[in-house]
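Below is one structure; the comments refer to it alone.
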């Protein structure tokens with residue numbers, strides 16, 4: 001049973017990747033259905049360096065690394081913002097507490 005991706009084997013990379021469920025293998029020059037049962041395509045299907053998904057000029061390995069780095073930067077930025085907000089709230093309450101203490105000592 002041939003799927004839409006396998007029917008595009010005579011096509012080029014751009015034609016194959018027009019369908020988001022397709023994966024282009026550079027070495028075999030075949031358009032195959034992305035193996036959704038595994039997160040990454042197995043080496044037997046197509047090596048990561050030769051697999052293209054989404055963009056013909058970017059291999060799957062670089063795509064995974066790029067997305068991982070972007071995800072890590074977003075998580076770190078969120079944590080830093082969270083820590084800064086907590087620190088600023090504590091500074092504000094400490095300032096009010098210090099002001100109240102000084103005001104009570106003067107009276």
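The values are calculated or read from the model by the stated rules, or taken from the named source; none is laboratory data. Keep in mind it's a predicted model, so treat the numbers as computed, not measured. Note that we place each Cβ from the backbone using ideal geometry, even for glycine, and neighbour counts take in every protein chain shown.
Remarks
- Lone qualifier among 79, 75 - being closer than 28 Å to residue 53 by Cβ, modelled with pLDDT of 75 or more and under 27 Å from the mean Cα position of the chain (by Cα): 75
- Search result, residues across the range 35-59 that are within 20 Å of residue 3 (Cα to Cα), outside any strand (DSSP E or B) and in contact (Cβ under 8 Å) with a residue 24 or more places away in the chain: 40, 53, 54
- Filter result (out of contact with any helix residue (DSSP H, G or I) (no Cβ under 7 Å at 6 or more places or on another chain) and more than 20 Å from residue 49 (Cβ to Cβ)) within the range 6-32: 6, 7, 9, 10, 11, 15, 18, 20
- Scanning the range 22-45 for residues that are closer than 20 Å to residue 67 by Cα and surrounded by 12 or more Cβ atoms within 10 Å (Cβ to Cβ) gives 22, 23, 24, 34, 35, 40, 41.
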